[in-house]
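What follows is a short report on a single structure.
The values are calculated or read from the model by the stated rules, or taken from the named source; none is laboratory data. Here the structure is a predicted model, which is why all the values come from computation and not from measurement. In this analysis, Cβ positions are derived from the backbone assuming ideal geometry, glycine residues included, and neighbour counts consider all displayed protein chains. The protein model used for the area step is the full one, side chains on, heavy atoms only, and it has no ligands, DNA or RNA in it. Shrake-Rupley method; radii C 1.70, N 1.55, O 1.52, S 1.80 Å.
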Amino acid sequence: MLRIECPCCGLRDHDEFRYGGDASITRPGHDDPDPEAWYRYVYVRKNPPGPHREFWQHVTGCRQWLVVERDTRDHAIASVGFARKTRA
Amino acid sequence: MNSNDRRLPAGGRIDRMRPIGFSFDGRTLNGYQGDTLASALLANGITLTGRSFKYHRPRGTFSAGPEEPNALVTLGTGGRREPNLPATALELAQGMIAESQNRWPSLGFDLQSVNGLFAPFLSAGFYYKTFMGPTRRAWMFYEHFIRRAAGLGRAGTERDPDRYEVRHAFADVAIVGGGPAGLSAARAAAYAGSDVALIEQDFLLGGQLLSERSDGEAAAWLKAIETELAGLPNVTVRRRTMAFGIYDGNTLALIERNDDPVVQGAARQVFIMLRARAVIFAAGAIERPLVFSNNDRPGVMLTSAARTYFNRFAVLPGENILVATTNDGAYRAAIDLAAAGARVTIADQRSILPAGLAEEARRLNIAIRSGTQIADLRGGHAVKAAKFAGPGGNSEIACDLVCVSGGWSPTVHLTSHLGVRPVYRDDMDGFVPGGLPAGHFGAGSMMGRFSTADAIDSGHRAGIEATAFCGKSAAAPAPARLDLGEAATDAFRAIPSIVRGKAFVDFQMDVTTKDIELAHREGYESVEHLKRYTTLGMGTEQGKTSNFAALSAMAALRQETIPQTGTTTFRPPYAPVAIGALAGRSVGRHFKPIRRTPMHDWHVANGADMLEVGLWMRPYFYRVAGRDVNEAYVAEMRMVRGAAGLMDISTLGKIDVQGPDAAIFLDRVYANGFAKLPVGRARYGVMLRDDGIVFDDGTTTRLSENRFFMTTSTAKAADVLSRLEFLLDTAWPELRVAVTSVSDEWATMSVAGPKSRDVLAAAFPGLDVSNEALPHMGFIETEFAGRALRIIRLSYSGERAYEIYVGATAGEKVWRHLLEVGAAFGLRPYGVEALGALRVEKGHVAGPEIDGRTTLDDLGLGRMAAKRTGFVGDVLRRRPAFQAPNRQRLVGLECAEEGKRLRGGAILFIPGDTVAGHGRGRITSVTFSPELGRYVGLALLAADVAAEGSEVFATYPMKAETVRARIVSPVFLDPKGERLHG
Ligand SMILES: [Zn+2]
């Protein structure tokens, strides 16, 4: 029942999007050799009840990856922006 | 045949000029336009409408709305059969075919009503104890008996021929309920400037006003406001529409029904997702029954329902009527029924009577007994007499209808769906919605405003407030007044009766006061436990009439107040929803799209047996090669290994990768290196996930310095593209690279086999396809008939092979051309079964091995990444657990027994193992190898028992087969790759 206001395409049904997980976690550098850093990036999640920054891709629209701030309790969306900062 | 002999000569909201023929349990009957099925049955004197769920007790119509627990019917025949519908909410339609449920062989004579004798088996907790307790084995014994005896209607097994729809709708203000509060809210919101959607489950607007006289002031008020709403262009009225749930984002889920079997072309049901900026709940209230012995007999009815049947449907449901009540409201029904000529007695539990109403009642010769309650009823298939308990001692009167009223419960279901807990209000002895969130408003009896005047007033205010919430603020003129003289709140706690026989709390689930006592005694005291233990409120009507009586009973047993006991959680759907309505048109071929390759029509026209692979249709095998797949794939393999074969591989994912940093990007996403790939050359590549598991494999060709052409597996095409975009958008935005799917732009086919180069040379005469110009992993770009053509020399089968790419619209043309010139070399098409078999012989891993659990090392591909770092999945693939000595790794297996075969999915054991559990590994892919003359396969097998040359047992429990297999290299054919080169 979610609708996401894509900054490129406008308000769209969530059927057009693909969920991409927690956006608050920093990905280690591609050549970071620390297993602990990769373990935290891949497996450790807070799963908070409340505001949550997460990735969504507008797969059947503009295909941009977005950062959506969604309240996990009621799905209220506070903000939507491009994940790639230069496109904001 | 009786025909409408219970129908009054005048009055009601039925159209006597439009009779309607229908059938019930095979009897042909008549009703009128404006009837429900239940009112038409009552008009025909039919008071026995069903048998109860567990005990098969006779039951009659109890209510006049969707809260009906008893009169459930199955509608329609064949594929249109729909069970468990409340007759009280079904609009009568010409040709309607309805059947009663849960009776055998007939409603009047039910053999299984002897189940009453087995009652101890079916008491509370029977299911719980049988399934969960130490007596679970008992289920084996009881199952047959229970399944037959305890059940509601059966669904049809034939295909439903009707059409269903899914729609989206929008409104500023959505109003649930078209009674006085909802009508007033719709009017106010519309005048104030909102786009309004008014939702009413009934086929008429009016709610409780429909139970008032059809020619009185309530009817006049209703007619006036309906006319007013019809003249407001910003109001959409949805009748016959049930709001069954509310979801996040103010999304109301609605079902619009059309039960008329003769309306052609219309969807039978429409599932509507209505998104509103504000929602007004005006869903009304449901009358509560009274609990006493045998309170489920046919002829016991809610008092408001009796009044509805009389005033709305012109049916007098009894002639000798007892009204048992705890409140003032029931007097109005008694007065209406007495005025129509019925003999009426009121048994009021209260000792102080409402003076005005009592006087009015006595003027109509209604006898009133104060401080009196019903102790028991006599009569089996129909009520005959009621026994009283009260200050006047025990007495008995004859009656043919018992109207009961235990007060009213606001319909808090919908507001509860979003987690708003109902709160108890002592002044009305009931639950109302707790604090509603922003944008939600309530009005009318649902909010405890029971009088009509109050409902209209609260609706008006809600309409204006909801519109203001939407940011609009025009004025709305005050609505016309309607005062029917009801008290604002009207509550008196029902006194529990002294129960001798069965006294039902939940009619539909056959839960009695004894079941609640048993649950209490056994410690299931919380309301949520009580519900699950007794199945209370778990029927199709979700305890709409039973909930409060059960809470009261449990509170009394626990010596608590009702708010201390609490209430259960209501969840969607408010009323049963047909799966067909949710699916809409997404059925059969429309359930998921079909993808066809550019050569699809040729395959079908030329004897291909087509196979669904994900969304794709692919040629499985060609009938020219064999009668069935087993014969054909072996013949097609021989053709490829001996001469040449043509395969449609257009389904491969294709991604164009461009930009100054494209080579760096590919170096990071593939486990093996691509930066040093020369222009004009292709390379096999494997991608990992971040967790070190293999993600996908494919090939990438360097078209120019900054441009690459990537292929992915058919299955992972979408996932790979999305992942590449994710990495570029979120992880490495500094890389100047763009990726674009070109999967549908290119038709792709593979020419494989020792004669493949001869085919190519003949097909494209001007082109140098010599080993020097186009070596293994080489690439050339050319033109065919004015279209760009790409040829990449790649092999999947192990033979010399070329992948040919051409614009999709020219795909069939090139395909035909190749077959035409290739015929001289023995070129024919082959299907995916042969393709899969050829790759197994060659030891190439594919989907069955790259199954989301295997690493590069597991698949024997570790050397590809041996000296590299800095690519996706590099760090976590080195986890110690992935290096465990018994980690399952890829091996080849060949069948060691003459005349036997290997099977995919077989479980592997070593000699001496007990054959149980998951074994040491499993066979992932098998094929018959024409080259080796036996079955061979790929397997994942614990590395500590996987020495080449040793034997394992492959067991296939589905067919009770066990066969010996020898561990060999997974590359069964041409291990040096001599066939590929040169
Ligand atoms: Zn978009």
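The conditions of being more than 14 Å from chain A (Cβ to nearest Cβ), of a type outside the set (Gly, Ala, Ser) and at positive phi are met by B:Asn294.
Would the stretch B:223-233 turn up any residue that is of a type in the set (Ser, Thr, Tyr) and over 22 Å from B:Ser63 (Cα atoms)? Before you say what the answer is, go through the steps one by one.
Here is the first cut: in the stretch B:223-233, the residues of a type in the set (Ser, Thr, Tyr) are B:227.
Cutting the leftovers down to over 22 Å from B:Ser63 (Cα atoms) gives us B:227.
So far as the stretch B:223-233 goes, yes, one or more of its residues are of a type in the set (Ser, Thr, Tyr) and over 22 Å from B:Ser63 (Cα atoms).
Number of residues in the stretch A:5-14 that are more than 10 Å from the ligand (Cβ to nearest atom) and touching a residue at least 12 places away in the same chain (Cβ under 8 Å): the value is 1.
Of the strands (runs of 3 or more DSSP E) entirely within the stretch B:699-780, those holding at least 2 residues that are in contact (Cβ under 8 Å) with a residue 24 or more places away in the chain and touching a Ser or Thr at 6+ places or on another chain (Cβ under 6 Å) occupy B:707-712, B:746-752. Among what's in the stretch A:43-54 and is open to solvent by 30 Å² or more (accessible area, probe 1.4 Å) and in a strand (DSSP E or B), pick the residue that is farthest from the ligand (Cβ to nearest atom). Once the filter is applied, the top-ranked residue is A:Pro51. All conditions but one from (1) at positive phi; (2) in contact with a strand residue (DSSP E or B) (Cβ under 6 Å, 6 or more places away or on another chain) apply to B:Leu252; the one that does not is (1). Within the stretch A:26-42, the set of residues being exposed (fewer than 14 other Cβ atoms within 10 Å of the Cβ) and either in a loop (DSSP other than H, G, I, E, B) or within 13 Å of the ligand (Cβ to nearest atom) (or both) comprises A:Thr26, A:Gly29, A:Asp31, A:Pro33, A:Asp34. Does B:Leu536 count as assigned to a helix (DSSP H, G or I) and either surrounded by fewer than 24 Cβ atoms within 10 Å (Cβ to Cβ) or not assigned by TED's automatic domain parsing to the domain that holds B:Asn234 (or both)? No, not satisfied. If you go through the stretch A:67-88 and pick out every residue that is within 16 Å of the ligand (Cβ to nearest atom), within 13 Å of another protein chain (Cβ to nearest Cβ) and either within 15 Å of A:Thr26 (Cα to Cα) or in contact with a Pro (Cβ under 7 Å, 6 or more places away or on another chain) (or both), you end up with 5. Here is the figure for the stretch A:8-25: residues that are more than 10 Å from chain B (Cβ to nearest Cβ) and either out of contact with any strand residue (DSSP E or B) (no Cβ under 6 Å at 6 or more places or on another chain) or within 17 Å of B:Arg689 (Cα to Cα) (or both) total 8.
Can you name the residue in the stretch B:631-677 that is over 43 Å from the mean Cα position of the chain (by Cα) and acidic (Asp, Glu) and, of all such residues, is farthest from B:Ala718 (Cα to Cα)? Per the criteria, the residue is B:Glu636. Set side by side, the residues B:Arg793, B:Arg757 differ, and just one is crowded, with 17+ Cβ neighbours inside 10 Å, in contact with a Gly (Cβ under 7 Å, 6 or more places away or on another chain) and more than 14 Å from chain A (Cβ to nearest Cβ), which is B:Arg793. Restricting B:Ala278, B:Ala267, B:Ala305 to those that are more than 14 Å from chain A (Cβ to nearest Cβ) and surrounded by fewer than 24 Cβ atoms within 10 Å (Cβ to Cβ) reduces the list to B:Ala267.
Does the stretch A:14-25 hold any residues that are out of contact with any helix residue (DSSP H, G or I) (no Cβ under 7 Å at 6 or more places or on another chain), in a strand (DSSP E or B) and surrounded by 14 or more Cβ atoms within 10 Å (Cβ to Cβ), and which are they?
Within the stretch A:14-25, A:Asp22 is the sole residue that qualifies.
Of everything in the stretch A:55-66, what is within 14 Å of the chain's Cα centre (by Cα) and either away from the ligand (no atom under 16 Å from the Cβ) or more than 8 Å from every other protein chain (Cβ to nearest Cβ) (or both)? Give them in sequence order. Answer for the stretch A:55-66, where residues must be within 14 Å of the chain's Cα centre (by Cα) and either away from the ligand (no atom under 16 Å from the Cβ) or more than 8 Å from every other protein chain (Cβ to nearest Cβ) (or both): A:Trp56, A:His58, A:Leu66.
Criterion applied to B:Gly836, B:Gly904, B:Gly921, B:Gly917 was being touching a residue at least 24 places away in the same chain (Cβ under 8 Å), closer than 19 Å to B:Ala943 by Cβ and within 39 Å of the chain's Cα centre (by Cα), and the one residue passing it is B:Gly921. Of all residues in the stretch B:420-446, those that are over 23 Å from B:Glu226 (Cβ atoms) and in a helix (DSSP H, G or I) total 3. Scanning the stretch B:158-185 for residues that are surrounded by 24 or more Cβ atoms within 10 Å (Cβ to Cβ) and either in contact with an Asp or Glu (Cβ under 6 Å, 6 or more places away or on another chain) or not β-branched (Val, Ile, Thr) (or both) returns B:Ala171, B:Ala174, B:Gly177, B:Gly178, B:Gly179, B:Pro180, B:Ala181, B:Gly182, B:Leu183, B:Ser184, B:Ala185.
Take B:Leu818 and decide whether it is modelled with pLDDT of 95 or more, in contact with a helix residue (DSSP H, G or I) (Cβ under 7 Å, 6 or more places away or on another chain), under 30 Å from B:Val926 (Cβ atoms) and open to solvent by less than 40 Å² (accessible area, probe 1.4 Å). No, not satisfied. If you go through the stretch B:851-886 and pick out every residue that is under 16 Å from B:Ala942 (Cα atoms), touching a Gly at 6+ places or on another chain (Cβ under 9 Å) and more than 14 Å from chain A (Cβ to nearest Cβ), you end up with 3.
Answer yes if at least one residue in the stretch B:658-665 is assigned to a strand (DSSP E or B), in contact with a Leu (Cβ under 9 Å, 6 or more places away or on another chain), over 26 Å from B:Arg596 (Cα atoms) and within 14 Å of chain A (Cβ to nearest Cβ), and no otherwise. Checked against the condition, which is being assigned to a strand (DSSP E or B), in contact with a Leu (Cβ under 9 Å, 6 or more places away or on another chain), over 26 Å from B:Arg596 (Cα atoms) and within 14 Å of chain A (Cβ to nearest Cβ), the stretch B:658-665 yields no hits at all.
When B:Asp601 is tested against the conditions (1) open to solvent by 40 Å² or more (accessible area, probe 1.4 Å); (2) in a loop (DSSP other than H, G, I, E, B), the lone failure is (2).
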